[in-house]
Amino acid sequence: MGKPGLLDLENQFSFYGAYHSNPFNILIHTLFVWPIFFTSLILFYFTPAFYDLSQSGIFPSGFNHALVLNYGSAFSIFLGLFYVVLDKKAGSLAALLCLACWVGASFIAAKLGYSLAWKVVLVSQLLCWTGQFLGHGIFEVLQSLFGYEPYPGFHMRVNAKIKAEIKEWQDKKQKKVS
């Protein structure tokens with residue numbers, strides 16, 4: 001019956017790109033994705049260090065207690081490099097933001113301590129993920145009520161594909177009967 005939708009990478013990426021180019025979705029991502037990343041780094045601060053920067057003498061003594069090479073720094077570096085690979089200019093800015101988030105989250109985590117930090121992270125993660133899901137859910141309802149199209153002709157093309165799939169299925173069914 002045609003290409004399987006879930007495994008059709010081109011269709012998945014085109015839908016994702018069209019869906020996330022809407023200004024409302026961009027706003028949702030701007031408001032909630034970076035705080036999710038930031039608070040994750042606060043929690044990652046408490047993972048074991050790969051290397052102790054305080055012995056390297058790279059940073060002044062005030063930074064040594066906070067900046068730790070651990071899962072948080074590795075996650076920030078990986079994500080920053082990923083963004084740079086996707087797009088050199090915008091990715092460089094995103095990589096810089098990842099680095100700034102790691103530094104900021106490290107200082108906040110060092111100041112709060114684990115016993116308070118995990119509570120701050122929990123509340124923030126719950127609020128941000130709830131905002132993401134509710135925002136997307138509201139957007140889906142508005143889309144269906146007001147006939148939003150990710151791009152002109154989207155519904156017409158989708159309906160044509162649906163009709164073609166139904167016709168193909170009916171033709172196969174008819175061949176089996178006869």
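The values are calculated or read from the model by the stated rules, or taken from the named source; none is laboratory data. This is a predicted model, so every value here is computed, not measured. Glycine also receives a Cβ, built like all others from the backbone with ideal geometry; neighbour counts cover every protein chain displayed.
Where helices (runs of 4 or more DSSP H) fall entirely within segment 62-178, those with at least 3 residues that are hydroxyl-bearing (Ser, Thr, Tyr) and at pLDDT 80 or above are at 71-86, 114-146.
For segment 32-53, how many residues are in contact with a strand residue (DSSP E or B) (Cβ under 7 Å, 6 or more places away or on another chain) and either assigned to a strand (DSSP E or B) or buried (at least 19 other Cβ atoms within 10 Å of the Cβ) (or both)? Of the residues in that region, 1 qualify.
For Phe13, the test of being modelled with pLDDT under 60, aromatic (Phe, Trp, Tyr) and either farther than 30 Å from Val123 by Cβ or touching a Ser or Thr at 6+ places or on another chain (Cβ under 7 Å) (or both) is passed. For Gly104, the test of being exposed (fewer than 15 other Cβ atoms within 10 Å of the Cβ) and in contact (Cβ under 8 Å) with a residue 12 or more places away in the chain is passed.
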